[in-house]
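> One structure is given below, represented as structure tokens, and several questions about it will come after.
No lab work stands behind these numbers, since they all come straight from the coordinates. No experiment lies behind these values; they were computed from the predicted model shown. Note: ideal-geometry Cβ built from the backbone for every residue, glycine included; neighbour counts use all protein chains shown.
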Amino acid sequence: MIVDLRSDTVTKPTAGMLEAMFNAKIGDDVFGEDESVNELEQKAAAMFGMEAGIFCPSGTMTNQIAIKCFTQPLDELIADQTAHIYRYEGGGIAFNSAVSTRLLNGYRGIITPEMIEPEINAENVHYPRTSLVVLENTVNKGGGSCYSLEQIKPVAALCRRKGLKLHLDGARIFNALIHTGDKAIDYGKYFDGISVCLSKGLGAPVGSVFLSDHDTIKYARRVRKVLGGGMRQAGFLAAAGSYALDHHVERLKIDHAHAQILAGELSKCRQVSSVLTPETNLILFDTVEPANAFLQKLAEKGIKANATDTHRIRFVLHLDVHPEQVEYVSGVLKSFS
Ligand SMILES: *Cc1c(COP(=O)(O)O)cnc(C)c1O
């Protein structure tokens, strides 16, 4: 048996999703004429209580567009040191927006108003102008840790008071919503922009949406074009995204339950020194031996995963990991003990 726990991006479209793609109404989206793209953008915006949306090829692009929309060159943004926008987007903050980054040390990537406020620069010609705060929910490098809306509200209040924009890297926002019980519709009140990935746990093959107000999305269309992200008959992909929003959100709780089962087995495993308690579909755990040695043992049993550090491994649960595969991985972990 092969079990791929490397990432929730490895999923393949389901039969229902393929059918939705096959039947998509398409047109030239750069002319604004692709019905499926327009439908996805409107659907996603409405879900989050936002005015408008823009469909992009990746979450990196939606985040980078958001940063460009919410800053001017010479500005500074504030984010946690684990942030995807900083670590895993190729240095795009500096390249695309000519903006510097102030990093905070949150707990599992979660930052608070008390941490943010002292890092906001005073008005002074020596200092870059702080103009944006970016939160990530769930936090990838925090092992899928979540903000609740109650934690977000005071951050949003601080940003309003200080005149800062607030962006959400919501690559896995639906995992957070399933865990916390918060409602997507309430998010629009607190964020100026939201990125949502359709190609992670939701199982679409490609795509993310950036949500904001009408004026910001109008400008975002210019930025997407200059980044080369103006796709033409993108409706085939957008249809997959719409299908994912309609059919693959509730089932994320299955992935979360699977993560709990595997975390339980890992914590009993002698070669595992500690497991970060999973809240959603990601498990981070530390190994006694080097991570690569442990990964090799897993690979011999057909289990694929990635190391995130010399002694740290990440397991990711998703749509294409079925209950019998979770049982199989549990059995393999038991056999190691
Ligand atoms: C995956 C991910 C993204 C976007 O990645 P792409 O591969 O560019 O779609 C953004 N933020 C976080 C936290 C992610 O995990």
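> Give, as a single signed number, the net charge of other residues whose beta carbon lies under 12 Å from the beta carbon of Ala79, with Lys and Arg counted +1 and Asp and Glu -1. Walk me through the numbers before you get to the answer.
Numbers: positive: Arg87, Arg102, Lys141; negative: Glu76, Asp80, Glu89, Glu119, Glu136, Asp169.
Net charge in that neighbourhood comes out at -3.
> Which order do peptides 179-188, 116-125, 166-175, 281-290 fall in by mean Cβ count within 10 Å, highest first? Display every interim value, and only then the final one.
Numbers: 179-188: 17.0, 116-125: 11.8, 166-175: 26.7, 281-290: 20.7.
Per-residue Cβ counts within 10 Å, averaged per peptide and sorted highest first, yield 166-175, 281-290, 179-188, 116-125.
> Sticking with this structure for a sec: What's the ranking of 200-207, 310-317 by average number of surrounding C-beta atoms within 10 Å, highest first? Provide the component values of the computation, followed by the final result.
Values: 200-207: 24.6, 310-317: 21.0.
Peptide ranking by packing, descending: 200-207, 310-317.
> Return the ratio Rg/(2.2 N^0.38 Å) for the chain, where Rg is computed over Cα atoms only.
1.01
> With +1 assigned to the C-beta of every Lys and Arg and -1 to the C-beta of every Asp and Glu, and no other charges, what is the dipole magnitude of the chain about the Cα centre in debye, to the nearest 20? Before the final figure, lay out each step's value.
Numbers: 35 positive and 39 negative charges, 101 e Å.
Using Cβ point charges on Lys, Arg, Asp and Glu, the chain gives about 480 debye.
> Additional query: First check a/c for the range 80-224, with a ≥ b ≥ c the square roots of the eigenvalues of its C-alpha gyration tensor; if it is under 1.5, answer rounded, and if not, answer prolate when a/b is larger than b/c or oblate otherwise. The partial results should precede the final answer.
Working: a/c = 1.44, a/b = 1.23, b/c = 1.18.
The shape class here is rounded.
> Going down the list Lys153/Lys253; Lys43/Lys165; Lys68/Lys165; Lys200/Lys268; Lys268/Lys334, which pairs span over 18 Å between their C-alpha atoms? Walk me through the intermediate numbers first.
On the way: Lys153/Lys253 25 Å; Lys43/Lys165 24 Å; Lys68/Lys165 12 Å; Lys200/Lys268 29 Å; Lys268/Lys334 8 Å.
With Cα atoms farther than 18 Å apart: Lys153/Lys253; Lys43/Lys165; Lys200/Lys268.
> Now for a separate question. Taking only Cα atoms and a 10 Å spring cutoff, compute GNM fluctuations for the chain and point out the largest among Phe191, Phe210, Phe236.
Phe236
> Name the residues whose placed amide hydrogens come within less than 5 Å of the amide hydrogen of Gly144, ignoring near sequence neighbours (fewer than 5 apart) on the same chain.
Close amide H contacts, sequence-distant or interchain: Val139.
> Continuing with the same structure: Classify the range 169-306: rounded, prolate or oblate, from the alpha-carbon gyration tensor (a ≥ b ≥ c, eigenvalue square roots; a/c under 1.5 rounded; otherwise prolate if a/b is larger than b/c)?
Working: a/c = 2.42, a/b = 1.92, b/c = 1.26.
Verdict is prolate for the range 169-306.
> Next up: Need the C-alpha centroid separation for the range 94-128 versus the range 2-45, integer Å.
35 Å
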